[in-house]
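See structure below.
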Amino acid sequence: MGVNAVSWAPAAAPGVMTSAAQQGQQQAQGQRRLVTGGSDNLVKIWEWSAATGEYVCVSSLTGHSDWVRDVAWSPTILARSYIASASQDKMVRIWTSDASTPHTWRSTVLTFDAVLWRVSWSLSGNVLAVSGGDNRVTLWKESLKGAWECVKTIEE
């Protein structure tokens with residue numbers, strides 16, 4: 001199966017700005033991670049292994065029922081990591097992982113009326129842009145209660 005999309009993780013670990021202990025660990029280890037989305041309907045997270053000199057798949061995230069067309073790792077380095085995945089199944093999944101459990105991911109589903117092509121985070125990492133087969137771009141933000149809300153729709 002093919003890889004359709006790839007995105008680098010931020011170089012700093014989540015929570016590095018809020019935890020002195022993690023900051024020291026981050027400086028010692030660094031972060032070399034990326035995420036891929038593919039024709040196998042999976043979102044895979046890869047980490048560099050100094051021992052093997054290769055990238056190793058550390059997580060396979062399931063939930064999409066059709067090809068994953070795009071993935072984007074949010075550039076935020078606060079307490080959580082965010083990955084967005086767009087699929088032909090007309091869903092965006094926003095995967096979240098807390099700094100305390102970096103290999104545990106949960107997803108929130110955003111459902112659309114058309115196949116989806118691209119996802120992209122704002123430079124600050126708090127707004128997600130989604131585009132699809134309906135000639136629209138929608139902008140999404142997480143509310144204080146943790147729900148994702150559409151804040152703007154742009155149409156051609």
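Scanning the stretch 111-130 for residues that are touching a strand residue (DSSP E or B) at 6+ places or on another chain (Cβ under 7 Å) and without any contact (Cβ under 8 Å) to a residue 40 or more places away in the chain returns THR111, PHE112, ALA114, VAL127, ALA129.
For the stretch 45-55, does any single residue satisfy the condition of being closer than 20 Å to LEU128 by Cβ and under 13 Å from the mean Cα position of the chain (by Cα)? For the stretch 45-55, residues closer than 20 Å to LEU128 by Cβ and under 13 Å from the mean Cα position of the chain (by Cα): present. Within the span defined as the stretch 14-26, every residue fails to be open to solvent by 30 Å² or more (accessible area, probe 1.4 Å) and either modelled with pLDDT of 90 or more or assigned to a strand (DSSP E or B) (or both). Within the stretch 69-76, can one find any residue that is out of contact with any strand residue (DSSP E or B) (no Cβ under 6 Å at 6 or more places or on another chain) and either within 24 Å of MET1 (Cβ to Cβ) or among the aliphatic types (A, V, I, L, M) (or both)? So far as the stretch 69-76 goes, no, none of its residues is out of contact with any strand residue (DSSP E or B) (no Cβ under 6 Å at 6 or more places or on another chain) and either within 24 Å of MET1 (Cβ to Cβ) or among the aliphatic types (A, V, I, L, M) (or both).
Restricting LEU42, LEU78 to those that are aliphatic (A, V, I, L, M) and open to solvent by 50 Å² or more (accessible area, probe 1.4 Å) reduces the list to LEU78.
Applying a threshold of 6 Å to beta carbon distances and a minimum spacing of six or more residues, or different chains, the list of pairs starting in the stretch 52-81 at a residue that is more than 14 Å from TRP105 (Cα to Cα) and in contact (Cβ under 8 Å) with a residue 40 or more places away in the chain and ending at one that is open to solvent by 60 Å² or more (accessible area, probe 1.4 Å) and part of a loop (DSSP other than H, G, I, E, B) reads ILE77/MET17.
Exactly one residue out of VAL35, VAL6 is closer than 20 Å to SER131 by Cα, assigned to a strand (DSSP E or B) and either open to solvent by 20 Å² or more (accessible area, probe 1.4 Å) or at pLDDT below 95 (or both), and it is VAL6. Restricting the search to strands (runs of 3 or more DSSP E) fully inside the stretch 82-156 and requiring at least 3 residues that are among the hydroxyl-bearing types (Ser, Thr, Tyr) and open to solvent by 80 Å² or more (accessible area, probe 1.4 Å) gives an empty result.
The values are calculated or read from the model by the stated rules, or taken from the named source; none is laboratory data. Since this is a predicted model, take the numbers as computed values, not measurements. Counting neighbours? That spans all protein chains shown, and the Cβs are built from the backbone with ideal geometry, glycine included. Quick note on the areas: whole protein, heavy atoms, side chains included, nothing else; ligands and nucleic acids left out. Shrake-Rupley method; radii C 1.70, N 1.55, O 1.52, S 1.80 Å.
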